[in-house]
Amino acid sequence: MPNTLDHSYVQKSSWKPNLFAGKVVFITGGAGSICRVQAEALVLLGANAAIIGRNVEKTEAAAKEIASLRPGAKVIGIGAVDVRKIQSLKEAVDKTVQELGRIDYVIAGAAGNFLSDFNHLSSNAFKSVIDIDLLGSFNTIKVTFDQLRKNKGSVIFVSATLHYYGVPMQTHVGAAKAGVDALCNALAVELGPLGIRLNCIAPGAIAGTEGMSRLAPPGGEPLEKKIPLQRQGTTTDIADATVYLFSPAASYVTGDVLVVDGGMWQVGGLMGDFYPNIIIHQNEDPEGKL
Ligand code: HXC
């Protein structure tokens, strides 16, 4: 279980307790380790939420637990939704509006990732990640657009820093997240005149998350030593960035990428001692994939 929030967040954070009272957030990937904590912060600060995911049990359980953080909070979990399929997303939006009344904020957080070198990355594997991360983000805005327009809403895409430089074993995710940043830029320009703001958060190494358990480089020096701020990030760091971007304090901020990584990408990020040996090793395998 990653670091989750409790009521002490409201006392310790820099934010006003009822900052998001009356607002509703729609979150894809909302039961995952990062997006769940984004949801918790918003709910603790007064919002109601719809948590969208593929796994029914995990999504419904997360919604129940998040709802218990604030008396009176309404949090619904909608499982069996794949962001690659726009119709199921549309039904989730309809259900959210029916049960919670509106959507003000959207977090496009559903993502897929695994480590694979190019030789073993099939065309279908590449497409799966592009479809979840990029097409899924597009679909999410498509189905919430009417609500965003009506409520002059705001969007956060969960991006990454992997495409700022060349990260081996992450061709698929780097390409997908570069697309997400481009989607954000273009939509910020196109939807700004309608009063809709869209930004990205690019998390770095966030401790206790699924991403880190999948991606942390094997062996070598402790990761903290390679991060300028000398620690791994926390899910609270991402929650705080989320609250800022949705709050009135960011009302003049759109089309931006807020990197929350302790400065890690500036010094070569996840590129560990394993490079280039792991790549040479993977390419000795004659059984690559198409
Ligand atoms: C090589 C792999 C693979 C691996 C899957 N594939 N895992 N190839 N190495 N480790 C290939 C499969 O063989 C298949 O290709 C293709 O990917 C699709 O796989 P499926 O399992 O059929 O697809 P699907 O069920 O859609 O799964 C999607 C997935 C999976 C992305 C592949 O990993 C997934 O669902 N992950 C769960 C969510 C997740 O990853 N969360 C982490 C988010 S962290 P073939 O050719 O065999 O058909 C994150 C951090 C971002 O995103 C960066 C932060 C720094």
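The values are calculated or read from the model by the stated rules, or taken from the named source; none is laboratory data. This is a predicted model, so every value here is computed, not measured. Note: ideal-geometry Cβ built from the backbone for every residue, glycine included; neighbour counts use all protein chains shown. All accessible areas refer to the heavy atoms of the entire protein, side chains included, with ligands and DNA or RNA removed. Shrake-Rupley method; radii C 1.70, N 1.55, O 1.52, S 1.80 Å.
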- Of (1) within 16 Å of the ligand (Cβ to nearest atom); (2) aliphatic (A, V, I, L, M); (3) within 20 Å of Val143 (Cα to Cα), Val37 fails just (3)
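Taking the stretch 157-173 on its own, how many of its residues are more than 16 Å from the chain's Cα centre (by Cα) and without any contact (Cβ under 8 Å) to a residue 40 or more places away in the chain?
From the stretch 157-173, those more than 16 Å from the chain's Cα centre (by Cα) are 164-172; that's our starting set.
Applying the additional criterion that residues be without any contact (Cβ under 8 Å) to a residue 40 or more places away in the chain yields 166.
Number satisfying all stated conditions: 1.
So which of Ser154, Ser123, Ser137, Ser159 ends up being near the ligand (Cβ under 8 Å from one of its atoms) and hydroxyl-bearing (Ser, Thr, Tyr)?
Only one candidate passes the filter, namely Ser123.
Could you check, for the stretch 106-126, whether at least one of its residues is among the hydroxyl-bearing types (Ser, Thr, Tyr) and closer than 22 Å to Ile238 by Cα?
Going residue by residue through the stretch 106-126, those that are among the hydroxyl-bearing types (Ser, Thr, Tyr) are 116, 122-123.
Then drop every residue that is not closer than 22 Å to Ile238 by Cα, which leaves none.
No: zero hits.
For the stretch 55-89, which residues satisfy the criterion of being more than 18 Å from the chain's Cα centre (by Cα), of a type outside the set (Lys, Arg) and open to solvent by 50 Å² or more (accessible area, probe 1.4 Å)?
Val56, Glu57, Glu60, Glu65, Ser68, Pro71, Gly72, Ala80, Ile86, Gln87
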- Message: So for the stretch 93-108 (the condition being open to solvent by 20 Å² or more (accessible area, probe 1.4 Å) and over 19 Å from Gly153 (Cβ atoms)), does at least one residue qualify?
- Response: no
- Query: What number of residues within the stretch 89-120 satisfy the criterion of being among the hydroxyl-bearing types (Ser, Thr, Tyr) and within 16 Å of the ligand (Cβ to nearest atom)?
  - Reply: 1
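Scanning the stretch 114-130 for residues that are open to solvent by 30 Å² or more (accessible area, probe 1.4 Å), in contact (Cβ under 8 Å) with a residue 12 or more places away in the chain and under 22 Å from the mean Cα position of the chain (by Cα), which turns out nearest to Ser159 (Cα to Cα)?
First, pick out the residues of the stretch 114-130 that are open to solvent by 30 Å² or more (accessible area, probe 1.4 Å): 114-115, 118-120, 123-124, 126-128, 130.
Okay, now just the ones that are also in contact (Cβ under 8 Å) with a residue 12 or more places away in the chain, so 114-115, 118-120, 123, 126, 128, 130.
Among the residues that remain, those that are also under 22 Å from the mean Cα position of the chain (by Cα) are: 114-115, 126, 128, 130.
Details: Phe114: 15, Leu115: 17, Phe126: 17, Ser128: 16, Ile130: 13 Å.
Looking at the filtered set, the residue picked out is Ile130.
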